[in-house]
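> This is the structure, below, for whatever I ask next.
The values are calculated or read from the model by the stated rules, or taken from the named source; none is laboratory data. This one's a predicted model, so the numbers in the text were calculated from it and none came from an experiment. All Cβ positions, even for glycine, are placed from backbone atoms using ideal geometry, and neighbour counts span all protein chains on display.
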């Protein structure tokens, strides 16, 4: 039986990918210190979150072995005598019943169950969540997304309302074992989050590092608006979960990315509302006795708006340029992929028949190339008129 199990349940876009990448890159070193990450990689914890949530669409899209991920996690936790760490932000939207059941099961294989939630201020979370949704194939405008968040019709609060998430994920857990980690405001130390989680879990993370291109980087303003339009075109045919993953993991993160992204900012007229809403969350959180790492006041955005354009101000010409650059990057990617095929020496004649990508990738590639081409031609035409 494990001594302690730490379940990091979110929130999305609060440094979760950064933390998970560091944890998994240093899995062996953490194990030597007595902290086990059960499973071969972060996918195991993602699959476990799908099982815990009982999300039918997600479960239908993961490998058959993924349906047994939660059972494997519980077994390995029960077999380990030290501490255990589980982490995925998609645990956060679990229903109260499913969350309580998962905590009860963890309590059967560990002496202590600890819940960890990382949170960040709304002025950064709102733009980050919108651009993340465009990566997953959503075509909702930023303005419509913000309206839905304000009137409560968006699923945003399901994963970003810290008090509500912890209400669901603290059934039977003593308050001092619920760890609320509040990220500092913009400009805080780059290592702060990592250091904070090392303190919570009791490990020495000094000198631990991750691959340099391992983060879940946000899209810039122009790229996010371009992604939104591409998603809108693709979603007319309906998007399979596998297509959503290709959009995010390949098209957004590798093809559409920018080396100098323009920041997406919260509209100035919504900042007072965001401050008021954040203060309400702080009031609820401060009365519960949770172990708070950081300053709860950092959840409240500052009063001064941040300068920046809104997505609706992006021009068709800017979208066309971003689309052309993405197509060029896609061609370079394909050239590089083919050049690195096993068995081909540099300069050797290449087999004219390229290796066939998976069916989902072929389908997405054809649709993206065709529709981006149409979009570019339309945008170029608009620019000449």
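> Quick one: is residue 90 in contact with a helix residue (DSSP H, G or I) (Cβ under 7 Å, 6 or more places away or on another chain), surrounded by 17 or more Cβ atoms within 10 Å (Cβ to Cβ) and modelled with pLDDT of 95 or more?
Yes: the conditions hold for residue 90.
> If residue 188 satisfies all but one of (1) at positive phi; (2) without any contact (Cβ under 8 Å) to a residue 40 or more places away in the chain, what's the number of the condition it fails?
So residue 188 meets the others, but not (1).
> Identify, please: which residue in region 129-154 is under 16 Å from the mean Cα position of the chain (by Cα) and at pLDDT 95 or above and is, among those, surrounded by the most Cβ atoms within 10 Å (Cβ to Cβ)?
Here the answer is 130.
> Just checking, does region 160-167 include any residue being outside any helix (DSSP H, G or I), within 24 Å of residue 36 (Cα to Cα) and in the same structural domain as residue 294 (by TED's automatic domain parsing)? Working first, answer last.
So the first thing to find is which residues in region 160-167 are outside any helix (DSSP H, G or I), and the list is 161.
After this cut, where a residue has to be within 24 Å of residue 36 (Cα to Cα) as well, the list is none.
The answer is no, given that none of the residues of region 160-167 is outside any helix (DSSP H, G or I), within 24 Å of residue 36 (Cα to Cα) and in the same structural domain as residue 294 (by TED's automatic domain parsing).
> Output the number of residues of region 264-286 satisfying the condition of being under 30 Å from residue 200 (Cβ atoms) and either assigned to a helix (DSSP H, G or I) or modelled with pLDDT under 95 (or both).
Residues that pass the stated criteria total 13.
> While we're looking at this one, here's another question. In region 276-298, which residues are closer than 29 Å to residue 191 by Cβ, touching a residue at least 40 places away in the same chain (Cβ under 8 Å) and in contact with a helix residue (DSSP H, G or I) (Cβ under 8 Å, 6 or more places away or on another chain)?
Restricting attention to region 276-298, the residues satisfying the condition of being closer than 29 Å to residue 191 by Cβ are 278-279, 281-282, 285-286, 288-298.
From what is left, the residues that are touching a residue at least 40 places away in the same chain (Cβ under 8 Å) are 278, 281, 285, 288-296, 298.
If the condition is that a residue be closer than 29 Å to residue 191 by Cβ, touching a residue at least 40 places away in the same chain (Cβ under 8 Å) and in contact with a helix residue (DSSP H, G or I) (Cβ under 8 Å, 6 or more places away or on another chain), then 278, 281, 285, 288, 289, 290, 291, 292, 293, 294, 296 are the ones that fit.
> Counting only residues that are surrounded by fewer than 20 Cβ atoms within 10 Å (Cβ to Cβ) and either outside the structural domain of residue 52 (by TED's automatic domain parsing) or within 22 Å of the chain's Cα centre (by Cα) (or both), which one in region 169-188 is modelled with the highest pLDDT?
Residue satisfying both the conditions and the ranking: 184.
> Quick check on my filter: what residues within region 324-339 are over 26 Å from the mean Cα position of the chain (by Cα) and either surrounded by 14 or more Cβ atoms within 10 Å (Cβ to Cβ) or not in a helix (DSSP H, G or I) (or both)?
324
> Can you name the number of the only condition in (1) part of a helix (DSSP H, G or I); (2) touching a residue at least 40 places away in the same chain (Cβ under 8 Å); (3) closer than 18 Å to residue 258 by Cα that residue 308 fails?
Here residue 308 meets the rest and fails (1).
> Moving on. So, residue 22, is that one outside any loop (DSSP other than H, G, I, E, B), in contact with a strand residue (DSSP E or B) (Cβ under 9 Å, 6 or more places away or on another chain), in contact (Cβ under 8 Å) with a residue 12 or more places away in the chain and in the same structural domain as residue 70 (by TED's automatic domain parsing) or not?
So residue 22 does not fit the description; no.
> Would it be correct to say that residue 41 is free of Cβ contacts under 8 Å to residues at least 24 places away in the same chain, surrounded by fewer than 19 Cβ atoms within 10 Å (Cβ to Cβ) and touching a helix residue (DSSP H, G or I) at 6+ places or on another chain (Cβ under 7 Å)?
Spelling it out, residue 41 is indeed free of Cβ contacts under 8 Å to residues at least 24 places away in the same chain, surrounded by fewer than 19 Cβ atoms within 10 Å (Cβ to Cβ) and touching a helix residue (DSSP H, G or I) at 6+ places or on another chain (Cβ under 7 Å).
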